[in-house]
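Inspection log for the structure reproduced underneath, given as structure tokens.
The values are calculated or read from the model by the stated rules, or taken from the named source; none is laboratory data. Please read these numbers as outputs of a predicted model, since none were measured by experiment. Here the Cβ positions follow ideal geometry from the backbone for every residue, glycine too, while neighbour counts run over all protein chains shown.
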């Protein structure tokens, strides 16, 4: 509704409301709860007054793995929360049932290269894209779904530029970095309290928290910390979602 139409509607409704208020002084509670009174308040509410939802994206890199990935999925199922797993192509072999479980339980699946070999994947843009494409094909063989969301091993900082982003987009890939890091990739042996503490530090836009975690074989403390991380964000009013191709891209600034 345009601002002009709102003013016209207010012009006609306000005298009626005031008449009711004047003649029914003893019925204020009824009036305040009446549809007309509520509608007037909603009409006066501008779009700037509407608070956008806060969203938390739990993301796990480097899997699938035999023990830790399954344990994380158990926690997510119990908490009724969806997450996103950025998987490494070479890790799928022998763990197809785990990948199927991720897919069947409604979690997002992203690409984290095939080899996770930094020297190899960052040698050229073409090689990087080939690794992502190979992993996407492998996932499709197992699940029937070919994901197009990607995460750079180590993050896109100093690795992404305008030319390589254009090449990625031409191949329908979308990039997702993070603004929360629990640092379980750098040090998987961090104690649970430290992991939880790290999860509370959001850099940049606090309405969308993209939380970096890992599901390697040695990330057992991450499993223990996860319920508390979920509770913290739930208590703050965040809604948990999986990253999909419809999720706005999030990548670090780069120089052309």
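Since residue 171 meets every condition but one in (1) within 23 Å of residue 70 (Cα to Cα); (2) touching a helix residue (DSSP H, G or I) at 6+ places or on another chain (Cβ under 6 Å), which condition does it not meet?
All conditions are met except number (1).
Of the numbered conditions (1) touching a residue at least 24 places away in the same chain (Cβ under 8 Å); (2) surrounded by fewer than 19 Cβ atoms within 10 Å (Cβ to Cβ); (3) assigned by TED's automatic domain parsing to the domain that holds residue 74; (4) farther than 17 Å from residue 53 by Cβ, residue 199 fails exactly one; give the number of that condition.
Of everything listed in (1) touching a residue at least 24 places away in the same chain (Cβ under 8 Å); (2) surrounded by fewer than 19 Cβ atoms within 10 Å (Cβ to Cβ); (3) assigned by TED's automatic domain parsing to the domain that holds residue 74; (4) farther than 17 Å from residue 53 by Cβ, residue 199 misses just condition (2).
Keeping to the range 83-127, report how many residues are under 17 Å from residue 70 (Cα atoms) and in a helix (DSSP H, G or I).
Going through the range 83-127 one residue at a time, the tally reaches 10.
Any residue that is within 26 Å of residue 94 (Cα to Cα), out of contact with any strand residue (DSSP E or B) (no Cβ under 6 Å at 6 or more places or on another chain), at pLDDT 95 or above and in the same structural domain as residue 230 (by TED's automatic domain parsing) - is there at least one of those in the range 154-171?
yes
When you scan the range 63-76, how many residues do you find that are surrounded by 14 or more Cβ atoms within 10 Å (Cβ to Cβ) and in a helix (DSSP H, G or I)?
The total comes to 8.
Select from the range 167-182 the residues that are more than 22 Å from the chain's Cα centre (by Cα) and farther than 20 Å from residue 247 by Cβ and list them in ascending order.
167, the sole residue that qualifies.
What number of residues in the range 205-244 are outside any helix (DSSP H, G or I) and either over 11 Å from the mean Cα position of the chain (by Cα) or modelled with pLDDT under 95 (or both)?
11
Looking only at the range 232-251, filter to residues that are within 21 Å of residue 109 (Cα to Cα) and out of contact with any strand residue (DSSP E or B) (no Cβ under 7 Å at 6 or more places or on another chain); which one of those is surrounded by the most Cβ atoms within 10 Å (Cβ to Cβ)?
247
Would you be able to tell me the number of residues in the range 128-152 that are assigned to a loop (DSSP other than H, G, I, E, B) and touching a strand residue (DSSP E or B) at 6+ places or on another chain (Cβ under 8 Å)?
5
How many residues, within the range 176-194, are surrounded by 20 or more Cβ atoms within 10 Å (Cβ to Cβ), in contact with a helix residue (DSSP H, G or I) (Cβ under 9 Å, 6 or more places away or on another chain) and more than 17 Å from residue 234 (Cβ to Cβ)?
1
Kindly indicate the residue of the range 212-231 that is out of contact with any helix residue (DSSP H, G or I) (no Cβ under 7 Å at 6 or more places or on another chain) and touching a residue at least 24 places away in the same chain (Cβ under 8 Å) and also surrounded by the most Cβ atoms within 10 Å (Cβ to Cβ) among those meeting that condition.
The residue in question is 212.
Checking residue 141 against (1) within 23 Å of residue 242 (Cβ to Cβ); (2) surrounded by 14 or more Cβ atoms within 10 Å (Cβ to Cβ): exactly one of these is not met. Which one?
Exception for residue 141: condition (2).
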